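S.K.: Handing you a structure now.
Every number in this text was worked out from the coordinates using simple rules, so none of it is lab data. Small disclaimer: the values here were computed from a predicted structure and weren't measured. When we count neighbours, we look across all protein chains shown, and the Cβ atoms used for this are built from the backbone with ideal geometry, even at glycine.
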Amino acid sequence: MKISFTSAPLKQEVSAIRDGLSQFNAAFFPDLDEKSVGYFIRDEHGDLVGGLIAKLMFTTLHVKYLWISESIRRLGFGKKLIELAQRDANQQGVINVFLDTYSFQAPLFYESLGFKEAGRYKDYPMRGVDKIFYQKTLIVKS
């Protein structure tokens, strides 16, 4: 056996490691059906000015990206995107929502929507910035 290092792994090397981990996890998640979902805001010209990208997995919605253009921030679009994603996911049996943000982004916004801090990396990725992890439990809809 030999261990090597590179500061620029090849795509196929990254894929091999990811695929190996996925195969290991398959025994614990035998019926994994991960779905990506997206909600998009477009202006009158059809240009993208905001949106939310998430993954649905079992009973969990993982909000990966939420972005609102500066021109329409603070008009309620972020809240509407989160609410729509939660509603649609909950109708599919989702009861857990999680996401992360940086301390300079939107922690107060997420807290105002009922998210609770579940963890924090201090000084990540640099001094003075924290990465904050949030979770929220939804009411079970029947």
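S.K.: Under a Cβ-Cβ cut-off of 9 Å, what is the net charge of the residues other than residue 124 that fall near it, where Lys and Arg count +1 and Asp and Glu count -1?
M.R.: +1
S.K.: Something else now. Using a/c under 1.5 as the rounded threshold, could you call the stretch 62-142 rounded, prolate or oblate? The axes a ≥ b ≥ c are square roots of the C-alpha gyration tensor eigenvalues, and prolate needs a/b larger than b/c, oblate otherwise.
M.R.: Note, shape of the stretch 62-142 comes out oblate.
S.K.: Let's see if you can work this out: charge +1 on each Lys and Arg Cβ, -1 on each Asp and Glu Cβ, no other charges. What is the dipole magnitude of the chain about its Cα centre, in debye to the nearest 20?
M.R.: 280 debye
S.K.: Further question: In the stretch 34-142, which chymotrypsin sites (Phe, Trp or Tyr not before Pro) fall in coil by DSSP and have 16 or fewer other Cβ atoms within 10 Å?
M.R.: Answer by residue number: 58, 104.
S.K.: Quick one: what are the phi-derived ³J(HN,Hα) couplings along the stretch 63-76, Karplus 6.51/-1.76/1.60 with θ = phi - 60°, whole Hz, x for glycine and proline?
M.R.: Values, residue by residue: 6, 8, 9, 9, 9, 10, 4, 3, 5, 10, 5, 6, 10, x Hz.
S.K.: While we're looking at this one, here's another question. What is the sum of charges, Lys and Arg at +1 and Asp and Glu at -1, for the other residues whose Cβ falls under 13 Å from the Cβ of residue 52?
M.R.: Neighbour charge sum, excluding residue 52 itself: +3.
S.K.: Starting from the Cα-Cα distance between residue 2 and residue 53, subtract it from 0.36 nm times their residue separation and give me the gain in nm to one decimal.
M.R.: Extra length from residue 2 to residue 53 when fully extended: 14.4 nm.
S.K.: Another one. Could you tell me whether the stretch 1-47 comes out rounded, prolate or oblate from its Cα gyration tensor? Rule is a ≥ b ≥ c as square roots of the eigenvalues, rounded for a/c under 1.5, then prolate if a/b exceeds b/c, otherwise oblate.
M.R.: Judged from the Cα gyration tensor, the stretch 1-47 comes out oblate (a/c at least 1.5, b/c at or above a/b).
S.K.: I want to check the label-to-label distance for residue 135 and residue 44. Put each point 7 Å from Cα in the C-beta direction and report it in nm to one decimal.
M.R.: Simple spin-label model gives 4.5 nm for this pair.
S.K.: Set the bar at 25 Å for Cα to Cα. Now go through 2/122; 35/122; 35/79; 2/131 and name every pair that lies beyond it.
M.R.: 2/122; 35/122; 2/131
S.K.: Just grab the label-to-label distance for residue 112 and residue 14, each label 7 Å out from Cα along the Cβ direction, in nm (one decimal).
M.R.: 3.5 nm
S.K.: Quick one: Karplus J couplings for the stretch 128-133, per residue in order, coefficients 6.51, -1.76, 1.60, θ = phi - 60°, nearest Hz, x for Gly and Pro?
M.R.: x, 10, 10, 9, 10, 9
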